[in-house]
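Have a look at the structure below, then the notes.
The values are calculated or read from the model by the stated rules, or taken from the named source; none is laboratory data. Predicted model, so just to flag it, every value in this text is computed and none were measured. Counting neighbours? That spans all protein chains shown, and the Cβs are built from the backbone with ideal geometry, glycine included. Ligands, DNA and RNA are stripped out before the accessible areas are found, and what is left, the full protein with its side chains, is counted by its heavy atoms. Shrake-Rupley method; radii C 1.70, N 1.55, O 1.52, S 1.80 Å.
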Amino acid sequence: MTSAKKPNYTLPIIVMFFLFAMISFVTGFQNPFGVILKSQLGLSNLQSQLGNAANFIAYAFMGLPAGMILQKKGYKFSAVAAVLVGMAGVALMFISSLFEAKDAIITIYLCGAFVAGFSMCMLNTVVNPMLNTLGGGGKTGNQLLQFGGSLNSLAATICPVLVGYLMGSNLNDVTLIDARPALYIAFGVFLLALVVLFLSKLPEPILEELKKGGKKVEKPTLAGALKFRHYVGGVVAIFLYVGIEVGIPNMANLYMTSPVEAGGLAMNAAVAGSLVGAYWFLMLVGRLVGGTVGGMVSSKTMLVTVSAVALCLITGAILIEPTMVNVPFIDVQAPLNILLLVLCGLCTSVMWGGIFNLAAEGLGKYTAVASGFFMVMVCGGGILPIIQGAVADASNYLASYWVLFIAVAYLLYYAVMGSKVLRRDASAEVISEEVKEGISVND
């Protein structure tokens, strides 16, 4: 009797890695493209953040539906749908570059950014559990997720550098047409992924479980999860965190590339793109370090530490004079303020994991539905930068970082006090079940 041959998922795993990278690559368009549109169309700082806002606010609309699609249709259908939606979003951004009228460019581009946001949300919902499934769960599944996360950070590093190179040194003559090669790359990777997905046979544990049928079990609801005060605080923390992560490099890019008379530094777009890329690269470094020490340091200690350091860095960036210094490894000169903001990448790199772990503590059967709602809160990455842009228009670029200072201060509060699991916050029925499972309290 011969044993069943174990399926080879090498090709679909590679595709998932590429899609993991594409999530950051396509999301990363909105920062340098906002700089291009600001120069091309004479937009304000707030208006330049609308593409980023559209991309992230899409998560608020698609977060829960994406989970429902995955639950009903499985991995392959959801992944193919996400790729098709992503191709449509990139195509709309390309089409916007064909027009000359300001209103047409803005309208079509924002539609493209919004549709691309749908795709990124769907991919986030699919790729993480799919990689874990392809790896067979356990240590191998976790290892694949770590590799995927590293590629995600690498793509976030490459995107602003690539688009900055395409923009060149003279922003006055740059239009979306100059950024088309980046869109070609994104569309090409999506197309390749689509072909491979159609040809691949993927495991579908969710669909197999549905086919088995059996006794219906009452599904845990989001309302049940919201009875936990530390979870509600974590929801707010996730919302603010994504805004912090995105707002730091976005406003720095605008600050560096804007003309001096507008309060900017009038730096070369390619140099600015390299510095923004350095921020995302430090996030990659931080994630690798965080993964290494994660087994020795608690989530609470890690979040307290990085939040406190980020507060110091942001305060320094706001208050000190923009003195030019040499940047190691990149071989360029940049204001010390910018370097302090770039260093924040080391802090933001591990915030998501720390917040998630603290917020999910003791949720028991509500963990899955609570995790799905976190995806909705990613919309903070679009809302906070808009607020920051409004402050920059009313005051100046560095003053806008007080918005992020307040947000980071909340993360510090949440890590120190707000993440404590309180038994009295949940109903007696919920707590009785959690006690049976062995609820733990963060000290």
In the stretch 164-178, the residues that are surrounded by fewer than 22 Cβ atoms within 10 Å (Cβ to Cβ) and part of a helix (DSSP H, G or I): 165, 166, 171, 172, 173, 176, 177, 178
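Results for (1) closer than 14 Å to residue 32 by Cα; (2) at pLDDT below 75, shown as yes or no for each residue.
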| site | (1), (2) |
| --- | --- |
| 153 | no, no |
| 166 | yes, no |
| 178 | yes, no |
| 188 | no, no |
| 194 | no, no |
| 198 | no, no |
| 205 | no, yes |
| 209 | no, yes |
| 212 | no, yes |
Please find, among 127, 161, the residue that is at pLDDT 70 or above, β-branched (Val, Ile, Thr), surrounded by 14 or more Cβ atoms within 10 Å (Cβ to Cβ) and over 29 Å from residue 73 (Cα atoms). 161
Does residue 54 qualify as being of a type outside the set (D, E, K, R) and either touching a Gly at 6+ places or on another chain (Cβ under 9 Å) or open to solvent by less than 20 Å² (accessible area, probe 1.4 Å) (or both)? yes
Could you say which residue among 304, 309, 297 is more than 19 Å from residue 157 (Cβ to Cβ) and outside any helix (DSSP H, G or I)? 297
What's the number of the only condition in (1) more than 24 Å from residue 243 (Cβ to Cβ); (2) open to solvent by less than 10 Å² (accessible area, probe 1.4 Å); (3) of a type outside the set (Asp, Glu) that residue 63 fails to meet? (1)
Restricting attention to the stretch 278-300, report how many residues are surrounded by 13 or more Cβ atoms within 10 Å (Cβ to Cβ) and among the β-branched types (Val, Ile, Thr). 3
Pick out the one residue from 33, 18, 25 that is open to solvent by 50 Å² or more (accessible area, probe 1.4 Å) and out of contact with any His (no Cβ under 7 Å at 6 or more places or on another chain). 18
Out of curiosity, is residue 147 surrounded by fewer than 18 Cβ atoms within 10 Å (Cβ to Cβ), of a type in the set (Phe, Trp, Tyr) and either farther than 26 Å from residue 57 by Cβ or at pLDDT 80 or above (or both)? yes
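Looking at the stretch 70-88, which of its residues are open to solvent by less than 50 Å² (accessible area, probe 1.4 Å) and on the phi < 0 side of the Ramachandran plot?
70, 75, 78, 79, 80, 81, 82, 83, 85, 86, 87, 88
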Any helices (runs of 4 or more DSSP H) falling wholly within the stretch 327-430 and containing at least 3 residues that are of a type outside the set (Asp, Glu) and open to solvent by less than 10 Å² (accessible area, probe 1.4 Å): 336-348, 351-360, 380-394, 401-413
Kindly provide the set of residues from the stretch 252-270 that are open to solvent by less than 60 Å² (accessible area, probe 1.4 Å), in a helix (DSSP H, G or I) and farther than 18 Å from residue 182 by Cβ, ordered by number. 252, 254, 255, 256, 262
